[in-house]
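The structure under discussion appears below in the form of structure tokens.
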Ligand code: NAD
């Protein structure tokens, strides 16, 4: 049966990845419609009307979108985090939702090290920085991205710790990190790197009380989601602890205020990328985009539901 798939990306994939996604659908004789770099939700609402499937990135798929998508059977988030999909609304309309786990993990991990090195070397300003070897890094969540960061950290000679109650401790150990018992235990270490999904449990879970426990030079790295960190309390910590650093790839509403607090230490004490640059590599775009296309074809042609998400 001929299927139509919408590639709806408010932030477009690299052209090379789009060509590869197109090729995957051409092979199955599916039609691919593109809605890239769109500026208003109305464009998305119009584009979903006649499609059987959609591939999205951070694009919001809520009840209003599903309402207009009369034929939609499956939506695939090309990437890891799926807090932008209303899973309950999908379930109510029997629409399958999937993500493409692990496909962008290495990209995010390399960005983590880019930010750590920029901060440790004082943004290359001519002054003496420090080395990462022998320092400790603790992971909040030990899924695909954390483990990819862990591999690089081990290569740098760092010591690894992790908190992930959903993974048995011996498995965490086998995957190279020392398991810790509580979130608070993570904050004994110089680097804490966030790799949990945004859930009611993790929302604003990183607060002042935890951050003030960090040793001198304590550095929080956030490539997870903006809302996992309590923003108001982060500003207070930046004010009270002149040694503390926040390296952030996921947006921060009070960016200008944070920059004013750290003054000329911007890029040393705080780094704000242009929001979610973690997965923005040609490789991750290709991996996640092709995986999404293959998952859609597998779903229609073979009934594959391996990466289905539950509400
Ligand atoms: P993943 O699903 O492989 O790993 C998430 C891990 O968090 C799992 O092991 C899970 O058990 C654990 N977890 C869940 N709730 C927890 C809790 N309350 N406490 C401790 N651990 C908990 O996902 P991933 O690929 O590693 O990605 C992690 C997150 O990073 C995503 O959900 C996404 O929000 C974010 N992400 C951001 C970018 C970016 O561009 N910056 C790219 C990829 C992923």
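So in the range 211-223, with the set limited to residues that are touching a helix residue (DSSP H, G or I) at 6+ places or on another chain (Cβ under 8 Å) and either part of a strand (DSSP E or B) or under 21 Å from residue 150 (Cβ atoms) (or both), which one is nearest to the ligand (Cβ to nearest atom)? Looking at residues that are touching a helix residue (DSSP H, G or I) at 6+ places or on another chain (Cβ under 8 Å) and either part of a strand (DSSP E or B) or under 21 Å from residue 150 (Cβ atoms) (or both), I get 223. Exactly one residue out of 65, 5, 61 is crowded, with 19+ Cβ neighbours inside 10 Å, within 21 Å of residue 103 (Cβ to Cβ) and without any contact (Cβ under 8 Å) to a residue 40 or more places away in the chain: that is 61.
Listed by first and then second residue, the pairs with beta-carbon distance under 7 Å, at least 6 apart or on different chains, first residue in the range 233-262 and over 22 Å from residue 122 (Cβ atoms), second part of a loop (DSSP other than H, G, I, E, B) and within 16 Å of the ligand (Cβ to nearest atom), are 233/207; 250/223; 250/224; 250/225; 250/275; 250/276; 251/275. For the criterion of being under 18 Å from residue 279 (Cα atoms), touching a residue at least 24 places away in the same chain (Cβ under 8 Å) and over 16 Å from the mean Cα position of the chain (by Cα), residue 116 passes. Restricting the range 129-150 to residues that are assigned to a loop (DSSP other than H, G, I, E, B) and within 13 Å of the ligand (Cβ to nearest atom) leaves a set whose member that is surrounded by the most Cβ atoms within 10 Å (Cβ to Cβ) is 142.
Here 244, 307, 252 are screened, and the one residue that is in contact with a helix residue (DSSP H, G or I) (Cβ under 8 Å, 6 or more places away or on another chain) and surrounded by fewer than 20 Cβ atoms within 10 Å (Cβ to Cβ) is 307. Can you name every residue in the range 151-204 that is near the ligand (Cβ under 9 Å from one of its atoms) and either out of contact with any strand residue (DSSP E or B) (no Cβ under 9 Å at 6 or more places or on another chain) or on the phi > 0 side of the Ramachandran plot (or both)? Hits for the range 151-204 are 165, 166, 197, 198, 199, 201.
Confirm whether residue 302 is surrounded by fewer than 16 Cβ atoms within 10 Å (Cβ to Cβ) and free of Cβ contacts under 8 Å to residues at least 24 places away in the same chain. Judged against the criteria, residue 302 is a match. The residues in the range 93-109 that are surrounded by fewer than 19 Cβ atoms within 10 Å (Cβ to Cβ), farther than 18 Å from residue 141 by Cβ and in contact (Cβ under 8 Å) with a residue 24 or more places away in the chain can be counted, and the count is 1.
Taking first residues from the range 156-170 that are free of Cβ contacts under 8 Å to residues at least 24 places away in the same chain and partners that are within 13 Å of the ligand (Cβ to nearest atom), the Cβ contacts under 7 Å between residues at least 6 apart in sequence or on separate chains come to 169/179.
In the set 29, 71, only one residue is more than 24 Å from residue 309 (Cα to Cα), over 22 Å from the mean Cα position of the chain (by Cα), at pLDDT 95 or above and assigned to a loop (DSSP other than H, G, I, E, B); that residue is 29. Exactly one residue out of 237, 262 is in contact with a helix residue (DSSP H, G or I) (Cβ under 6 Å, 6 or more places away or on another chain), away from the ligand (no atom under 16 Å from the Cβ) and either at pLDDT below 95 or farther than 28 Å from residue 98 by Cβ (or both): that is 237.
The values are calculated or read from the model by the stated rules, or taken from the named source; none is laboratory data. Values in this document were obtained by computation on a predicted structure and should not be read as measured data. So basically every Cβ, Gly included, is an ideal-geometry build from the backbone, and we count neighbours across all protein chains shown.
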